[in-house]
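Working notes for the structure below.
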Amino acid sequence: MKKKILLTCFLISSNLTMLFSQDIMLQGWYWDYPKTANGKWWVDTIAQKTKVLHDAGFNYIWLPPMSKTSSGSISNGYDVKDYFDLGISPTSTQFGNETRIHSLVDSLNKYNIVPIADMVYNHRNGGLWEKNTAVEGWIENYNLTKHNSGDACYPSDRFRCTLPIGGNTGLGTGTYYFKVHSASASTDYYSKPYTFRINTKKITTSNLGDLTESEPNGGGDCSELNNFYQLGRDMNATIDNGGCGTDEFALTISSTDYFSAADTMYITITNVDGNYSDHFIYGLWYAGNNSDIQSSVQYQTATDFTEMKSTRGDMNYLDFKPNGNPTCLCGDWDAMLFYYDMDHTVSSAADTLNAWTKWMMQNFGMQGLRIDAVKNFTPEYTGNLLDYLHYAGYDPKMVVGESYDFDAATLNTRLNDVYSYMDTETKNSINYSLFDFNLQSCLRDACDAFGNDVRNVFNCGMHSSNGTYRKNIVTFVNNHDFREASQSVDNDPILAYAYIITNPVVGIPCIYWSDYYNSDHPTYTSEMNALLSAHYDFIQGAQDVEYLSRIGSPYSATYSSGGASTSLIYQLSNTSNTCLPNRDVVVAINFSENPLKVDIEVNTSAPYHLQQGDTLVDVLGKSNFDYAIVNSSNQIYIDLPARSYSVWARVSTIKEAPVIVAQGAVTFCNGGSVKLNTTETKPCYTYQWKRNAVAINGATSNELIATESGSYVCEASYNGAMPHASSAIVVTVNPGTPEITTDGFMLNSSIGAATYQWYFGSAINNLAIIPGATAQTYIPVQGGYYAVQITDANGCSDQSD
């Protein structure tokens with residue numbers, strides 16, 4: 001029978017028993033995370049890990065978008081359809097349901113982890129089709145002057161044209177000549193491909209393949225031939241390059257192609273891969289009555305959100321661009337980048353988004369916001385939203401916007417723009433921040449661009465470049481958007497994490513789920529946990545940082561291996577950490593493929609505190625020496641392996657091993673247990689229990705419930721550095737678990753005992769006693785499953801697998 005080790009965890013370091021004053025965020029999902037029918041991923045993966053995440057040091061978790069989307073099970077949440085549907089009982093969205101989300105938030109609250117909701121304010125998708133005269137006007141009135149002034153054409157994949165036929169429309173059987181050209185005739189659109197397609201309610205598709213236009217096909221307006229077209233087929237065409245500039249497609253329908261009482265032609269003219277052009281149907285000749293019926297063509301967009309399951313969040317085309325309000329459909333704020341772009345100047349749109357945000361906080365316990373694509377809508381809305389929340393009594397504990405800009409000055413401007421629209425009371429109550437894409441790009445170069453001078457990192461980021469306050473910055477290494485090698489940090493991203501976790505001056509660290517739980521790098525969880533522990537114990541709250549190895553540094557350094565251009569070495573001071581506040585810490589990160597061996601000068605002047613003779617202990621245990629001493633030249637010696645890092649803190653060396661005792665008998669029958677504990681614990685020490693010299697996973701408290709035979713020790717260290725192990729206590733569990741061996745003829749119990757009993761069955765979970773089979777060996781007479789139970793002289797029993 002398998003035995004288990006039961007742990008009771010009493011957190012030793014005081015940083016793990018407090019509500020952390022330093023913010024550490026986990027992006028609690030990844031791009032391809034499972035979307036199951038009932039959202040079990042939430043409960044099975046996130047909710048069940050909340051205590052583990054708390055113990056590691058996370059106090060914020062960024063959750064994925066949760067509202068119902070338009071693309072169902074393939075969605076990652078950013079094509080929001082029904083804001084107020086988070087899985088209305090009894091159904092679920094692919095992200096979960098209301099019951100499960102409440103359960104998740106309850107678990108997070110229990111362990112003081114703040115849930116951050118991912119909010120999508122820029123766009124919406126999945127409404128019903130509706131007539132849109134504003135889009136019709138934009139498309140049909142677009143011209144070269146507007147194009148040259150910067151106005152963008154309307155995306156061709158977000159509208160369709162309709163033509164009512166049958167009934168009393170006067171339109172039906174006959175030939176229709178569809179005339180398509182560029183509205184502006186700009187050379188920017190020449191030769192751009194598009195697909196022309198028509199179907200009716202009755203004929204939705206054809207079994208025949210695609211058609212391809214044949215030039216010249218300008219038709220009657222150009223004294224040219226046209227191209228034959230058939231319902232339900234794709235016609236692959238391109239915008240004509242000069243000349244007549246027209247493609248004419250002739251469609252002949254019969255009474256069998258539509259419902260005579262009432263039907264509709266649905267016409268799409270869609271560009272390939274979002275490479276939009278300004279084509280439209282400028283003429284439509286109907287041979288049935290020999291007239292141009294282009295004015296009967298209507299434009300539709302899927303912007304009718306008045307029939308949502310939640311019965312809330314009504315919107316129509318007037319809430320989206322263009323709608324008659326000033327716009328160019330261009331630039332960061334107005335471009336139609338994703339789905340249907342919201343017009344936040346329309347009160348009904350802004351009010352809906354505000355109400356949704358308040359509802360998420362009030363009804364689902366969201367205590368923070370991650371705002372998607374903040375550069376794609378006016379900062380005025382973001383500022384006004386935060387004012388609205390503050391005066392409604394809901395102050396998010398964290399608000400971080402995603403502005404996909406790699407220039408630090410641009411990021412700083414976008415941050416200030418939002419603050420300019422916030423009231424003073426709001427500014428004093430809510431802290432608005434941005435992800436630091438500039439620092440991420442420099443860390444990516446440091447890790448991946450071999451030959452790059454990694455010291456550029458010291459000059460990168462919103463803080464170093466613009467002096468932005470740390471609470472207005474969220475630093476990161478990878479995220480769900482970085483799915484290509486050119487974007488993500490691929491080579492030893494732990495080096496980049498070492499920087500953002502150990503340098504709180506540059507911002508609030510955010511760790512990506514796939515880097516924290518990375519199957520390719522199984523050590524990253526433990527390595528990041530050690531970094532987080534070092535952060536809270538020794539670095540937290542540091543107010544000053546001195547970049548000792550910076551370009552043009554005044555601090556002397558002698559390298560016997562590695563070099564300045566492949567090393568980040570810095571000194572932190574004025575900490576408010578848990579263990580030893582106001583003691584300096586030195587961090588070194590070696591990006592080189594060679595070991596780093598350097599004597600480097602440290603700062604011994606105010607506000608720094610190091611002095612000659614001070615001993616710094618390697619609290620991560622990654623260097624080749626347990627400690628470094630400030631010599632008479634104010635230098636310390638650092639010796640790191642290739643592609644590694646460590647942290648040195650001025651703490652006392654561990655000189656004594658812990659003493660452990662057993663609270664009861666250490667010999668007992670199977671099913672019993674004994675409590676082992678240390679007689680004394682010390683702040684900032686880390687403890688690790690081992691059985692038979694192997695670390696017991698998760699056994700890091702001051703006590704252990706042992707239920708299995710073995711030699712137990714407890715090891716004290718600084719995250720593995722300078723370890724000192726206790727004397728061993730041997731635990732014996734009787735009679736031991738027998739194993740069955742066989743010579744191909746006879747079964748044998750591996751352990752001798754006072755009595756034996758053999759069992760047999762046709763299934764593993766359905767074994768029965770074999771009468772008379774009470775010897776150490778047994779000769780089987782039929783195929784099936786066998787087990788043996790043994791009992792020793794003390795009456796202790798155990799059974800084999």
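Annotation: for a label point projected 7 angstrom from Cα along Cα→Cβ of Ser526, no residues of region 40-69 have a backbone N closer than 14 Å. In terms of overall dimensions, region 301-449 has a Cα radius of gyration and Dmax of 16.7, 52 angstrom. Our note on the geometry: Cα centres of region 114-183 and region 592-650, 64 Å apart.
Within the accessible area of region 472-547, the carbon and sulfur atoms contribute 42%, probe 1.4 Å, all protein chains present.
Report the FRET efficiency, 1/(1 + (r/R0)^6), for Lys309 and Thr187, where r is their Cβ-Cβ distance and R0 is 45 Å, rounded to 0.05. Present the calculation step by step, with values, prior to reporting the outcome.
Numbers: r = 47 Å, r/R0 = 1.05.
For R0 = 45 Å, the calculated efficiency reads 0.40.
Rg and Dmax of region 350-397, both derived from C-alpha coordinates alone, stand at 10.4, 28 Å. Region 414-486 and region 670-693 have their alpha-carbon centroids 42 Å apart.
In order along region 64-69, the phi-based Karplus estimate (6.51 cos²θ - 1.76 cosθ + 1.60, θ = phi - 60°) of 3J(HN,Hα) comes to x, x, 10, 6, 4, 10 Hz; Gly and Pro are listed as x.
Amide H contacts for Asn59 (H built 1.01 Å from N in the peptide plane; partners 5 or more residues away or on another chain; cut-off under 5 Å): Ile24. With Cα atoms as the point set, the radius of gyration and Dmax of the chain evaluate to 34.6, 109 Å. Given region 381-511, report the % of alpha carbon pairs whose separation exceeds 21 Å. Summing the P(r) tail past 21 Å for region 381-511 gives 42 percent. Projection of the Cα convex hull of region 405-467, averaged over all directions and equal to a quarter of that hull's surface, yields 4.5 nm².
Over the Cα atoms of region 177-242, each weighted equally, I'd like the Debye log10 I(q)/I(0) at q = 0.13, 0.27 Å⁻¹, rounded to two decimals. After summing over all Cα pairs, the log10 values are -0.40, -1.24. Against the main long axis of the alpha-carbon atoms of the chain, helix 437-448 sits at an angle near 60°.
If we sort 663-672, 465-474 on the protection proxy, mean other Cβ atoms within 10 Å, highest first, what's the order? Display every interim value, and only then the final one.
On the way: 663-672: 13.8, 465-474: 18.1.
Output ranking for 663-672, 465-474: 465-474, 663-672.
Taking label points 7 Å from Cα along the Cα-to-Cβ direction, Thr413 and Asn624 give a separation of 4.9 nm. Using a probe radius of 1.4 angstrom, the carbon and sulfur fraction of the accessible surface of region 248-385 is 48%.
Within the chain, the longest segment free of exposed loop sites, counting GluC sites (Glu not before Pro) that fall outside DSSP classes H, G, I, E and B and have at most 12 other Cβ atoms within 10 Å, spans 1-306. Whole-Hz Karplus values for region 386-403 come out as 5, 4, 4, 5, 4, 6, 8, x, 10, 9, x, 6, 8, 10, 10, x, 9, 10 Hz, taken residue by residue from phi with 6.51 cos²θ - 1.76 cosθ + 1.60 and θ = phi - 60°; glycine and proline positions read x.
Every Cα-Cα pair of region 34-138 was included, and the share exceeding 17 Å stands at 57 percent.
When each pair of different Cα atoms in region 165-303 is counted once in the 1/r mean, what is the Kirkwood radius in angstroms, to one decimal? All intermediate terms of the calculation are to be shown ahead of the outcome.
Numbers: mean 1/r = 0.0647 Å⁻¹.
The Cα-based Kirkwood calculation yields 15.5 Å.
Based on alpha-carbon positions alone, could you give the equivalent ellipsoid semi-axes of region 664-781 from the gyration tensor, as √(5λ), descending, whole Å?
Details: eigenvalues 340, 40, 31 Å².
One finds semi-axes of 41, 14, 13 Å for region 664-781.
For region 700-801, with every protein chain kept in place, what is the accessible area per residue (1.4 Å probe, Å²)? Mind dumping the intermediate values first?
Numbers: 4920 Å² over 102 residues.
Ligands and nucleic acids excluded, the result is 48 Å² per residue.
Taking the longest Cα principal axis of the chain as reference, the axis of helix 524-534 is set at about 70 degrees.
Going by a ≥ b ≥ c, the root eigenvalues of the Cα gyration tensor, does region 556-655 fall in the rounded group (a/c under 1.5), the prolate group (a/b larger than b/c) or the oblate group?
Prolate shape, in that a/c is at least 1.5 and a/b is the bigger ratio.
Label zone (Asn631, point 7 Å along Cα-to-C-beta; backbone nitrogen cut-off 13 Å) within region 545-567: 556-560. Between Asn207 and Gln663, the contour length at 0.36 nm per residue exceeds the Cα-Cα span by 156.2 nm. For region 79-179, the carbon plus sulfur part of the accessible surface works out to 47%, probe radius 1.4 Å. Couplings for region 349-355, taken from phi via the Karplus curve 6.51 cos²θ - 1.76 cosθ + 1.60 with θ = phi - 60°, read 5, 4, 5, 5, 5, 4, 5 Hz in order; Gly and Pro are left as x. Here the sum of -39500 (n - 2.57) over DSSP H runs of 4 or more residues, divided by the residues of the chain, equals -4500 deg cm²/dmol at 222 nm, to the nearest 500. Between the helical axis of 408-420 and the longest alpha-carbon principal axis of the chain there is an angle of about 80 degrees. If you model region 495-604 as an ellipsoid using its alpha carbon gyration tensor, with each semi-axis the square root of five times an eigenvalue, the axes come out at 24, 20, 11 Å, biggest first.
In this structure, the amide hydrogen of Leu434, modeled 1.01 Å from its nitrogen in the peptide plane, lies closer than 5 angstrom to those of Gly401, Ile473, Val474, counting only residues at least 5 positions away or on a different chain.
Rolling a 1.4 Å probe over the protein heavy atoms gives region 98-242 an accessible area of 42 Å² per residue. In this structure, the amide hydrogen of Thr252, modeled 1.01 Å from its nitrogen in the peptide plane, lies closer than 5 angstrom to those of Tyr176, Tyr229, counting only residues at least 5 positions away or on a different chain.
Length available on full extension from Thr162 to Glu130: 0.36 nm per residue minus the Cα-Cα distance, which gives 10.5 nm. Counting only Cα atoms, the size of region 233-298 along its three principal axes is 39, 26, 19 Å, in decreasing order.
The values are calculated or read from the model by the stated rules, or taken from the named source; none is laboratory data. Treat the numbers as computed from the prediction; the structure is a model and nothing was measured. As a convention, Cβ positions derive from the backbone with ideal geometry for all residues, glycine included, and neighbour counts pool all protein chains shown. Just so you know, the surface numbers come from the protein's heavy atoms only, side chains and all, with ligands and any DNA or RNA stripped out. Shrake-Rupley method; radii C 1.70, N 1.55, O 1.52, S 1.80 Å.
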